[in-house]
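The values are calculated or read from the model by the stated rules, or taken from the named source; none is laboratory data. Because the structure is a prediction, the values reported are computed rather than measured. A quick note on method: Cβ atoms are made from the backbone with ideal geometry, for glycine too, and the neighbour counts reach across all protein chains shown. When the accessible area is computed, the model is the full protein with side chains, heavy atoms only, and any ligands, DNA or RNA have been set aside. Shrake-Rupley method; radii C 1.70, N 1.55, O 1.52, S 1.80 Å.
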Amino acid sequence: MTSDPEESVRLQGYGEMTLRTAVETLMLLAPRERSEAAVFRVRDDVRLAQSEIAELASSWGIEPAPNVRSPSLVPEQHWQDVVRGMVREAPLPSLMVAFLVGVLVARR
């Protein structure tokens with residue numbers, strides 16, 4: 001089935017766009033997110049198959065970006081634990097200086 005690159009589609013989580021833009025956006029996602037994403041044609045609300053999207057990408061010369069890490073795949077930073085560890089190891093005078101600097105900065 002030939003598809004018009006300017007056809008309107010809806011990419012789940014991203015909204016309405018052209019088919020070419022949706023395919024380019026999908027190819028920029030991490031492989032796991034790419035497999036979970038859904039593209040629907042606006043005219044008849046039919047979901048495009050992953051194989052059809054891969055075919056369109058290869059025929060249009062759009063390469064997947066395998067090295068891109070999506071923000072949802074990055075582990076959460078536990079800043080509270082990091083700060084707690086730094087405070088435990090810091091000498092008391094340096095903590096007092098840091099507190100006073102923080103107070104001065106907050107007042108400005």
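General observations
- Average accessible area per residue (Å²) across the stretch 1-69 - probe 1.4 Å, nucleic acids and ligands excluded: 62 Å²
- Förster radius 22 Å - calculated FRET efficiency between residue 18 and residue 44 (Cβ-Cβ, nearest 0.05): 0.85
- Extending 7 Å from Cα along the Cβ direction at residue 33 and again at residue 51 yields two label points whose distance is 2.7 nm.
- ³J(HN,Hα) computed for each position of the stretch 3-13 - Karplus, 6.51 cos²θ - 1.76 cosθ + 1.60, integer Hz, glycine/proline x: 10, 7, x, 9, 5, 7, 9, 10, 8, 4, x
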